[in-house]
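The values are calculated or read from the model by the stated rules, or taken from the named source; none is laboratory data. The model shown is predicted, which means the values in this text are computed figures rather than measured ones. When we count neighbours, we look across all protein chains shown, and the Cβ atoms used for this are built from the backbone with ideal geometry, even at glycine.
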């Protein structure tokens, strides 16, 4: 860890001196440079659209001015044949339309006088130019759109793109290869072009984690004054891992009917199994609660090792006990093994399954070195064949893709960040994290759980974790809202029910927390001006720190948080300005994932620094819980042996080894039941804690230090509509010191957005959309997401897929089409976000190894050339801030 305190200690030392930042920074780099999207813009078309809109503005202003000046002329004309024509001319000018008939200029021109007539003539000439541009627009758009296909072809022929699409969408990959195999100049099918553009926008505009669409690296802090330094040229390599949860499931299923394979599995008691009050209690890997069975002496005998007789005993005693969950058959490889296929191939080399495992291992070992997409596809088929052999009769249930996963890591050094230039922004990140603590309910949940424990077991008592777990479930599951137990349940399971309206006298600390949240929100919102919102607003970090200092004593910041940030402005700007994209779990979570990927790819990564023991011995929950993104390098020396998990440490602490102790003045602590050692559970997987099994969540929420449902800071620091607005509502960009916490955004009812109707041309729709954007001052390039204000909490998981922003550029007709089509499948409100940082602030990585030197099947490859824009990539840094 690196201290961020500046200067000698003073009166403010109590908090500032404890602030730290992890010495390692994770860099996430978009695989392709921003130049790729720039080349897909129809620049001439967009200039023409702008000219048309500017002409319409001039025509409207000047036309109404001329119409007003015609009033006295019409009055002076009196009754006669000229009057109707003058009235028609005035109406046409006012509405910016061409006068009907022959009213102008032959009959009326001389009567308007020398001052008005030339201006009307000029206005009509401007109208003619406008109409000519409108007539030319469809052909220009069509011609330029066709011209962008060559640029699209160059960029989608790159390695990074082709490999990523092969993993993300095999059908799309096949369509791409058919196009690349066609003669140069061939146009792709329209739907193929649209989907390729959508993928390309994803690869360029965001740090998408899928396959080779993004490269990751480990960087570090430096003492020199350069804010960001990349030493190019840079290069990358694939890190390929099998779908480990699927692989272990296939082997486990196979072992049920294969005694030879089952003999290689280790039989162990469920690590949560313990006897209490005459019953055996345990949870399973996919548990919801503890189960209990009568602890009879015959059952006790069956559960004593060795278990060799259970394997051969008639009647299937082992199968029944495993099915019951009191015993586990552990596959012969740890969840966090360094090389699963290599280990399994070695262990099962005498078994028929070993041949399939070896084939999969050999194919995946070759995969990162395979250059052509067709070669990689052939290796994919070999992996599928091996998995099909393992699956046996269940082969039809294999997923269509993701039998293995590919990630990309940089093989060249990661960035060096100048600590002096970053320090002011890092201080602001600490302040923001401290302030956000009031919106996390885990602190109050710990207090309510401690109260319930003292009520049930007595202050200062110690009980087994399983007993505490069962008591907690019994007392909270059906507890009435507004009671301490009911509110504890709501804090631990916020998606199941809402807090009841009004006060809760039985839980005064809950009211205290709500008051603190409301006060914090009111104070921040009080700093925001009412509509119309300004373009930007900056909050003094000292003001935010003062608000954090007023929170209840039981609210404490999480000890370590990952801050996902991007730099704003030129990379040589000092000090650095940041935009905060989000907060996530700390304690080396991102670092540990990238550290493992580097090792998988064979890139030197050094040691992954372990956690300290100052707040208890860290014990890591290492399970995969069904997802490969939970594979990582360890950060703790000890593991918690969780049900359904194969630990790497044979001496891992089982759940049965854990106890809960009440310490007056401290609350609840997790200890080793036999030794009394204080333990600190840690989880550094990439799956959200809310998606973990119930007991794992309980361990982290009550005894660990993990952010709960991380607060959407943009909604705190801005004022998004709480219901579907009647019109476009804009929220300002808000910064805390040097860190932007909320981008400027426009919240729009989906019904207000111009749609392309049946029979409308692409040009007419583009004009209507561009005019609407201009009317509401929306940026022509932006990120678009969807929301459903006021939706019940239970609906929010469904809405999560709409909230991920997608890139939109009005000068890219394919993106405009995708945007229009996407409006049918989202929420009731569309949110447009300013592109911050803009592409001009993308990081220059200085090199030309990010894309392929050539394609296959004669397709033109692409190498980043001398244009500086070809070196600039969207880059996000994961900075871990904490407290010593």
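Can you go through 425, 408 and tell me which one is in contact (Cβ under 8 Å) with a residue 40 or more places away in the chain, under 26 Å from the mean Cα position of the chain (by Cα), buried (at least 18 other Cβ atoms within 10 Å of the Cβ) and not in a strand (DSSP E or B)? Explain how you work it out, then say what you get.
Numbers: 408 fails: not in a strand (DSSP E or B).
Being in contact (Cβ under 8 Å) with a residue 40 or more places away in the chain, under 26 Å from the mean Cα position of the chain (by Cα), buried (at least 18 other Cβ atoms within 10 Å of the Cβ) and not in a strand (DSSP E or B) holds for just one of 425, 408, which is 425.
How many residues are part of a loop (DSSP other than H, G, I, E, B), under 16 Å from residue 875 (Cβ atoms) and under 21 Å from the mean Cα position of the chain (by Cα) when one looks only at the stretch 207-244?
3
Going through the stretch 780-795 one residue at a time, which ones are out of contact with any helix residue (DSSP H, G or I) (no Cβ under 7 Å at 6 or more places or on another chain) and at pLDDT below 95?
Once the filter is applied, which keeps residues that are out of contact with any helix residue (DSSP H, G or I) (no Cβ under 7 Å at 6 or more places or on another chain) and at pLDDT below 95, the stretch 780-795 yields 789, 790, 792, 793, 794, 795.
One line per residue, one yes/no per condition, for (1) at pLDDT below 90; (2) part of a loop (DSSP other than H, G, I, E, B); (3) surrounded by fewer than 23 Cβ atoms within 10 Å (Cβ to Cβ):
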{"position": "531", "(1), (2), (3)": "yes, yes, yes"}
{"position": "542", "(1), (2), (3)": "no, no, yes"}
{"position": "555", "(1), (2), (3)": "yes, yes, yes"}
{"position": "578", "(1), (2), (3)": "no, no, no"}
{"position": "594", "(1), (2), (3)": "no, no, no"}
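Here are some residues: 714, 696, 636, 659. Which one is assigned to a loop (DSSP other than H, G, I, E, B) and at negative phi? Don't jump to the end; show me each part of the working.
On the way: 714 fails: assigned to a loop (DSSP other than H, G, I, E, B); 696 fails: assigned to a loop (DSSP other than H, G, I, E, B); 659 fails: assigned to a loop (DSSP other than H, G, I, E, B).
636 is the lone residue from the list that is assigned to a loop (DSSP other than H, G, I, E, B) and at negative phi.
Residue check: is residue 137 within 30 Å of residue 44 (Cα to Cα), part of a helix (DSSP H, G or I) and at pLDDT 95 or above?
yes
Residues of the stretch 38-52 being in contact with a strand residue (DSSP E or B) (Cβ under 7 Å, 6 or more places away or on another chain) and crowded, with 22+ Cβ neighbours inside 10 Å, which ones?
none
If residue 55 meets every condition in (1) without any contact (Cβ under 8 Å) to a residue 24 or more places away in the chain; (2) surrounded by 14 or more Cβ atoms within 10 Å (Cβ to Cβ) apart from one, which number is that one?
(1)
Among 546, 502, 460, which is at positive phi, surrounded by fewer than 16 Cβ atoms within 10 Å (Cβ to Cβ) and modelled with pLDDT of 85 or more?
Values: 546 fails: at positive phi; 502 fails: modelled with pLDDT of 85 or more.
Exactly one residue qualifies, and that residue is 460.
Looking only at the stretch 208-221, count every residue that is at pLDDT below 90 and in contact with a strand residue (DSSP E or B) (Cβ under 8 Å, 6 or more places away or on another chain) and tell me the total.
3
Hey, could you check the stretch 338-371 for residues that are surrounded by fewer than 16 Cβ atoms within 10 Å (Cβ to Cβ) and within 30 Å of the chain's Cα centre (by Cα) and say which is nearest to residue 164 (Cα to Cα)?
371
With the requirement that a residue be farther than 22 Å from residue 729 by Cα and outside any helix (DSSP H, G or I), what does the stretch 752-791 give you?
756, 757, 758, 759, 760, 761
What do you reckon, is residue 669 touching a helix residue (DSSP H, G or I) at 6+ places or on another chain (Cβ under 8 Å), touching a residue at least 24 places away in the same chain (Cβ under 8 Å) and in a loop (DSSP other than H, G, I, E, B)?
Spelling it out, it is not the case that residue 669 is touching a helix residue (DSSP H, G or I) at 6+ places or on another chain (Cβ under 8 Å), touching a residue at least 24 places away in the same chain (Cβ under 8 Å) and in a loop (DSSP other than H, G, I, E, B).
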